[in-house]
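The values are calculated or read from the model by the stated rules, or taken from the named source; none is laboratory data. Just so we're clear, the structure is a prediction, and the values are computed from it rather than from any experiment. Here Cβ is always computed from backbone atoms with ideal geometry, including for glycine, and neighbour counts include all displayed protein chains.
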Amino acid sequence: MKKIPLIPYPKQWVFHEEPLVVGVLRLRGDPCFLGVLRALQEEIRVAFGEAVLAPLSREEEIAYGQRQGPDAVSLFGGNFQASQVPVVPLEIRKAGTSLSEGYRLEISPEKIVITVSGSVEQSPSEVNREKELAAAACATVIQLLHFGWDGWRFKIPCGVITDGPSLEWRGLMIDTARHFVPPSELKKILSLAWLYKINRFHWHLTDDQGWRLELVQFPELTEIGSQRNGGDPMRNGLYTQEDIREIVAYAADRGITVIPEIDLPGHAQALLASHPEFSCTGGPFTVRTEWGIAEDVLCMGNPDVLPFVKQIWDEVCELFPGPYVHIGGDECPTDRWEACPRCRSKKESLGLEHWVDLHGYFIREITDYLTQKGKTVFGWDEVLDSTLPNGCNVVHWRAWLDEQSKRALAQGRELVISPSFPYYFDFVQTQNRRQSPGIGYRSPAAASLQYVYEFDPFRLLMPSNQEAGDASPAPMTLRKSPGFDTEGAVALAAGRFRGIQANVWTEFIRDPRRLEYMMFPRLLAIAETGWNGAGRSPYGDFVERLTVGHTGNGRGILSQRAVNYCPRYEGSPEGS
């Protein structure tokens, strides 16, 4: 049988010759999967056509907790009666025990059954993982439907897929502070991210150039901070609390956890525009219109700063019920602190040796506060720079400091690897300046598709004198290799190395089409790496699947969904 171009590709797939013919899907499952089923129904309607009613019986509705209306969706347009087309049940079940991978997708000539790993007694994190696995399995079904179109029906190969992620955290960060991204575009991106099994949306909501999050306690933050001078059409905008709740729920139904980022104590000028009293100089300030790093930051000598920030986080935590938060902490210059009498006094009273330790003090206080609220706290890898201990987990972005990942693990922190090269998607993917205007021009491109795909995040866990190559550990199996870092193996086994993440900064991304262009198809390379880890196929196989099923000839998934993806793929920088 011809290889079906799924991305990510399943770990195990046993085919049978006889296909399943689908005209209408009848969806059902355990009540805990109702959100996933609702998302699957919505996605199939959007992708393939209007509803054909094939409702469950009342007894089935009661048994499965489905009282939300029709549960069957048409896979084509037109007014067909259910009796005219093959009606196929799709059910999501709990396994009751742990499976060897994560989920099992069984396709027979009569039905589709998804079985998700999980025990009867579960913690909240285990319940969330169940939903993520169910969503991942449904994403596979959507891709199979797309590739199985046969005129007026769908033919899907029968067989059994046994699959699961190599890395728990397969993330995407979008900066909505520099340029506002409308909620409708975020939903489109989240829908696509789900289709490729991305399961973390890191939402950068605040920066020097914009404060986008509406807070009831402090309406002035968005009244002033969501607007800035200039001519960019997407420079202004805010997310209401209704927007936030809707997007969080939309993502959750698709197995995606939203991680809010409030970036402090640096990158604070949009906040200081409405609260200059929290600066070292007293202002006045406007929302910053230039890119780069602003020297004005929160004053660590002002006793009202920390209570104010904690009040902000109180409301943020109510809006974002997920287990993770991100407190920023990057690029915080100390110049203002060094010239500030109150900051000098604070440094002396705390017995701190270095000015950067004031940054560590802030990170420690906010991390401890949020940890007490039950959150798992992440920050950029600058949280490691202070000699003052703090318990903040790490997103390693500074690619030129490759020891940061090992430092984080050695200190018992959880780690997400997200190096600026090649996982910053504001850097260009081709050298064609007409097709790919942006930053990071090199020869070849700074963050080409091949570079993103072939980059080995596990090499950042290796000893400094050890090249990655074949010595990279296969996630979950922890195979040992000559020179393999024992600390890295222990961290993987303990789950402290959580995964990888692509970051999209938007200083030079001024509209949604440009955002899509910079993200796709590179996000698919992140998805394949995060799902299959060191066991992923060679780049050539990935590109073949990408071209056949996702970008090529106007019939691929990205084309069908009107995604403005970059059509060119270039080679990887030498020595990368």
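Kindly establish whether residue 176 is in contact with a strand residue (DSSP E or B) (Cβ under 7 Å, 6 or more places away or on another chain), more than 21 Å from residue 532 (Cα to Cα) and of a type in the set (Val, Ile, Thr). The answer is yes for residue 176. Has the stretch 100-109 got at least one residue that is touching a Gly at 6+ places or on another chain (Cβ under 6 Å), among the charged types (D, E, K, R), under 25 Å from residue 530 (Cα atoms) and modelled with pLDDT under 95? Checked against the condition, which is being touching a Gly at 6+ places or on another chain (Cβ under 6 Å), among the charged types (D, E, K, R), under 25 Å from residue 530 (Cα atoms) and modelled with pLDDT under 95, the stretch 100-109 yields at least one hit. Contact annotation: no residue pair with Cβ atoms under 7 Å, 6 or more positions apart or on different chains, pairs a residue in the stretch 171-186 that is surrounded by 24 or more Cβ atoms within 10 Å (Cβ to Cβ) and among the aromatic types (Phe, Trp, Tyr) with a partner that is assigned to a loop (DSSP other than H, G, I, E, B) and modelled with pLDDT of 95 or more.
When 240, 281, 286 are screened for being under 28 Å from the mean Cα position of the chain (by Cα) and either surrounded by fewer than 22 Cβ atoms within 10 Å (Cβ to Cβ) or more than 22 Å from residue 124 (Cβ to Cβ) (or both), only 240 passes. Considering (1) buried (at least 23 other Cβ atoms within 10 Å of the Cβ); (2) closer than 17 Å to residue 171 by Cα; (3) polar (S, T, N, Q), the lone condition that residue 429 does not fulfil carries the number (2). Of all the numbered requirements in (1) surrounded by fewer than 20 Cβ atoms within 10 Å (Cβ to Cβ); (2) touching a residue at least 60 places away in the same chain (Cβ under 8 Å), residue 106 misses one, and that requirement is (2).
If you go through the stretch 375-393 and keep only what is touching a Ser or Thr at 6+ places or on another chain (Cβ under 7 Å) and closer than 10 Å to residue 363 by Cβ, you end up with 377, 390, 391, 392. Assessment of the stretch 402-417 against the conditions (aliphatic (A, V, I, L, M), outside the structural domain of residue 199 (by TED's automatic domain parsing) and surrounded by fewer than 17 Cβ atoms within 10 Å (Cβ to Cβ)) yields at least one matching residue. A search for C-beta distances below 7 Å between a residue of the stretch 275-293 that is small (Gly, Ala, Ser) and any residue that is in a helix (DSSP H, G or I), counting only pairs 6+ apart in sequence or on different chains, returns 279/272; 282/276; 283/272; 283/276. Among the candidates 158, 138, the residue that is crowded, with 24+ Cβ neighbours inside 10 Å and either in a helix (DSSP H, G or I) or not aliphatic (A, V, I, L, M) (or both) is uniquely 138. Take the stretch 347-356 and flag every residue that is of a type outside the set (S, T, N, Q) and surrounded by fewer than 20 Cβ atoms within 10 Å (Cβ to Cβ). Result: 348, 350, 351, 352, 353, 354, 355, 356. Reported count of residues in the stretch 6-26, each being under 25 Å from residue 42 (Cα atoms), modelled with pLDDT of 90 or more and in a strand (DSSP E or B), is 3.
One line per residue, one yes/no per condition, for (1) under 20 Å from the mean Cα position of the chain (by Cα); (2) surrounded by fewer than 24 Cβ atoms within 10 Å (Cβ to Cβ); (3) part of a helix (DSSP H, G or I); (4) not hydrophobic (A, V, I, L, M, F, W, C):
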{"site": "510", "(1), (2), (3), (4)": "no, yes, no, yes"}
{"site": "516", "(1), (2), (3), (4)": "yes, yes, yes, yes"}
{"site": "525", "(1), (2), (3), (4)": "yes, no, yes, no"}
{"site": "530", "(1), (2), (3), (4)": "yes, no, yes, yes"}
{"site": "537", "(1), (2), (3), (4)": "no, yes, no, yes"}
{"site": "540", "(1), (2), (3), (4)": "no, yes, yes, yes"}
{"site": "543", "(1), (2), (3), (4)": "no, yes, yes, no"}
{"site": "551", "(1), (2), (3), (4)": "no, yes, yes, yes"}
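Would you say residue 367 is over 25 Å from the mean Cα position of the chain (by Cα) and touching a residue at least 12 places away in the same chain (Cβ under 8 Å)? Considered against the rule, which asks whether it is over 25 Å from the mean Cα position of the chain (by Cα) and touching a residue at least 12 places away in the same chain (Cβ under 8 Å), residue 367 comes out as no.
For every residue, the table says whether it meets (1) within 23 Å of the chain's Cα centre (by Cα); (2) without any contact (Cβ under 8 Å) to a residue 24 or more places away in the chain; (3) within 27 Å of residue 257 (Cα to Cα).
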position	(1), (2), (3)
361	no, no, no
372	no, yes, yes
377	yes, no, yes
399	yes, yes, yes
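Hey, any hits in the stretch 216-230 for a residue that's part of a helix (DSSP H, G or I) and either β-branched (Val, Ile, Thr) or under 27 Å from residue 7 (Cβ atoms) (or both)? There is at least one residue in the stretch 216-230 that is part of a helix (DSSP H, G or I) and either β-branched (Val, Ile, Thr) or under 27 Å from residue 7 (Cβ atoms) (or both). Quick one: is residue 402 in a loop (DSSP other than H, G, I, E, B) and not hydroxyl-bearing (Ser, Thr, Tyr)? Yes: the conditions hold for residue 402. Taking the criterion of being outside any strand (DSSP E or B), under 12 Å from residue 270 (Cβ atoms) and within 19 Å of the chain's Cα centre (by Cα), the only residue of the stretch 189-211 that qualifies is 205. When each of 197, 131 is tested for being in contact (Cβ under 8 Å) with a residue 60 or more places away in the chain and not assigned by TED's automatic domain parsing to the domain that holds residue 262, the lone residue that passes is 131.
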